[in-house]
Amino acid sequence: MPETVIKIEKLAKHFGDLKAVNQVDLEIPKGEIFGLLGPNGAGKTTIIRMLIGLARPTSGTATVAGLDIVKDSVEVRRIVGVVPQTNVLDRELTVRANLVYHAKLHSMKKIRYEKTIDNALELVGMTDRQDADPITLSGGMKRRMTIAKALVHEPEVLFLDEPTTGLDPQSKRALWERVSALSKKGITMILTTHYMEEAELLCDRIGIIDQGRIIALDTPRGLKKILKGEAVIDATHDGTVDFSVLKEKDFTEDMEVGPDTLRLYTAKKKEAISYLLSNFGDSISSVDFHEPTLEDVFLHLTGKELRG
Amino acid sequence: MNAVNPALRLVEKELYVYFKTYYTELTYVILFPFLLVWTMGVGIGRSEDPVTIGGYDYIEFIAPGIILMSVVTTAFFNTGFIMLFEKEYQGSFDGVITCPISAGEVVMGKILAGTIKSVINGMIIILIILLVMDYTPPWTILLSPLILFVSALFFAAIGLMLGVVLKRGYHLGTIGNIVVLPPTFLGGIFFEVDNLPDGVADAIRLSPVTMMIDGTRKLFLFGDANIGIELVVIFVTSMLLYLLATKIFEREVIS
């Protein structure tokens, strides 16, 4: 049984009447990449801010590597690395000087930080840009530099708060490769994102969070099993038909009907599509199908779009 | 064993940036003394009936207070603007607070950095003023870094508080004028506080800012090294402001 690095018990954070984080329980073992997937405002960042001691819980407790997040917050920050949503670069310092400054704030000795900075720069592929002025870097490079900064003190736990937001697809993929490389080094990571493909690709387990609560928690594969069937069929219609007959069909695992949409979860997509077209063809304007995704799971669980 | 407190690392970094971009500071510290000597010395000094206060030329009387005002203004705005800029615009502030550094250390580092920079500026201004003014100061001028330091500490703490609380740079400018100008003007930079009505003069004498001006004038003009009370009062008040700034920082940043 792997050692538990992060343990959260009934953690809550309220801002007035708003329950930003609502009674969250979670245990994350050493070396896991744990994804917090949810729309903007779901409570992902608030959970991270509480775990690093920058927001006080309204109730509940949590520990990081056995350290209490409230009483030992400074010590917690000594063993964690944080990649916040915004790039944390000092534009007056070169790339390397930014990392040296960070190392000094972590009370590292020069003999150690010179080596760890070299390693961090190499990992993010920025060794050749270490003397650059940060304002000359592209968005992707700034993000990589922020990641390098979070790695300089060799953290046991890394918090990545929406690390790829705003990046172009190429930079995004490059960054995913770097995060995968880090996981091979045994660093425990919590990654927040509202990109399902990112969560699916990188995370060992995913917690789907909505309105401050974790509403589902499993491996990416396990989460998709919430949706019965091998395919999701989406159809648009003119709103004049009654689809209730579909509930009785053996190809229907589950279904959701909107004013002009139909979503059908099925294990027999050919049969289902054929039935739809032959019986409702005049009213249906389009039919599409795909394998279940985490976004489908989220939509199914909350009735909301993930990127809302 | 950690040899260097993280607060001093903040100071080290700010001083590095300060010296890296020193040409902007240098423009100010050179222009300011010349502006002072010319406007006051030439403008007022050449009138047919020159103004004197307590037997001193007017420019000699006001110069210590104006130098002090320059130092505390720099301490206030430098500390406040850097805090506000890093927090609201540059984003580098998040990089600091996610490190193992306490609220008290961040606040102390920022206040100390602003204080040291403004005192360095102040010392250069004093040197230039002495070079361009026909004035031989008493030996007590050598103690001036002490009074300038505690005075800058006081205003840097207020600047930091506002930098933490405010969201927009121009608000700091407006509020800064309210914070810095009235107490320094009322504290007797341009006139003797004794000339004010008794009740008002007594109240103003209790102000730490008045003590800053009096203390500076003692060292620059009167050759009086007896500034112990001024130093203690200003330092203790500055420490109270530091504690308040730490509380405000915790409330605003660690919500």
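Please treat every number below as a calculation from the coordinates, not as lab data. Computed from a predicted structure; not experimentally measured. FYI the Cβ positions are ideal-geometry reconstructions off the backbone, even for glycines, and counts take in every protein chain you see.
Filtering B:GLU88, B:GLU60 for residues that are within 14 Å of another protein chain (Cβ to nearest Cβ) and either over 23 Å from B:LYS167 (Cβ atoms) or part of a helix (DSSP H, G or I) (or both) leaves a single hit, B:GLU88.
Scan region A:83-91 and give yes if some residue there is touching a Cys at 6+ places or on another chain (Cβ under 9 Å), surrounded by fewer than 20 Cβ atoms within 10 Å (Cβ to Cβ) and within 8 Å of chain B (Cβ to nearest Cβ), otherwise no. Write out each step before concluding.
First, pick out the residues of region A:83-91 that are touching a Cys at 6+ places or on another chain (Cβ under 9 Å): none.
No.
Of all the listed residues (B:PHE220, B:PHE249), the sole one being within 14 Å of another protein chain (Cβ to nearest Cβ), crowded, with 17+ Cβ neighbours inside 10 Å, assigned to a helix (DSSP H, G or I) and in contact (Cβ under 8 Å) with a residue 24 or more places away in the chain is B:PHE249. I'd like to know if region A:136-147 contains one or more residues that are at the interface with chain B (Cβ under 10 Å from one of its Cβ atoms) and over 25 Å from the mean Cα position of the chain (by Cα). No, region A:136-147 has no match at all.
Results for (1) free of Cβ contacts under 8 Å to residues at least 60 places away in the same chain; (2) part of a helix (DSSP H, G or I), shown as yes or no for each residue.
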site: A:ILE147; (1), (2): no, yes
site: A:HIS153; (1), (2): no, no
site: A:LEU158; (1), (2): no, no
site: A:THR164; (1), (2): yes, no
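Restricting to region A:280-296, and then to whatever is more than 27 Å from A:ILE215 (Cα to Cα) and in contact (Cβ under 8 Å) with a residue 24 or more places away in the chain, can you tell me which residue is nearest to the chain's Cα centre (by Cα)? Once the filter is applied, the top-ranked residue is A:ASP288.
Which one is farthest from A:HIS290 (Cα to Cα) among residues in region A:220-266 that are part of a loop (DSSP other than H, G, I, E, B) and of a type in the set (Asp, Glu)?
In the first step, residues of region A:220-266 are kept if they are part of a loop (DSSP other than H, G, I, E, B); the result is A:225-230, A:238-243, A:249-251, A:258-260.
From the residues that got through so far, the ones that are of a type in the set (Asp, Glu) too are A:230, A:238, A:242, A:250, A:260.
Details: A:GLU230: 9, A:ASP238: 22, A:ASP242: 24, A:ASP250: 19, A:ASP260: 19 Å.
Result: A:ASP242.
Of the residues making up region B:93-128, those that are crowded, with 22+ Cβ neighbours inside 10 Å, within 23 Å of A:MET108 (Cβ to Cβ) and small (Gly, Ala, Ser) are B:GLY95, B:GLY109, B:ALA113.
Going through A:THR45, A:THR61 one at a time, which residue ends up being buried (at least 19 other Cβ atoms within 10 Å of the Cβ) and outside any loop (DSSP other than H, G, I, E, B)?
Values: A:THR61 fails: buried (at least 19 other Cβ atoms within 10 Å of the Cβ).
Residue meeting the stated conditions: A:THR45.
Under the condition of being among the β-branched types (Val, Ile, Thr) and away from chain B (no Cβ under 14 Å), which residue from region A:23-46 is farthest from A:LYS184 (Cα to Cα)? Ranking the candidates gives A:VAL24 first.
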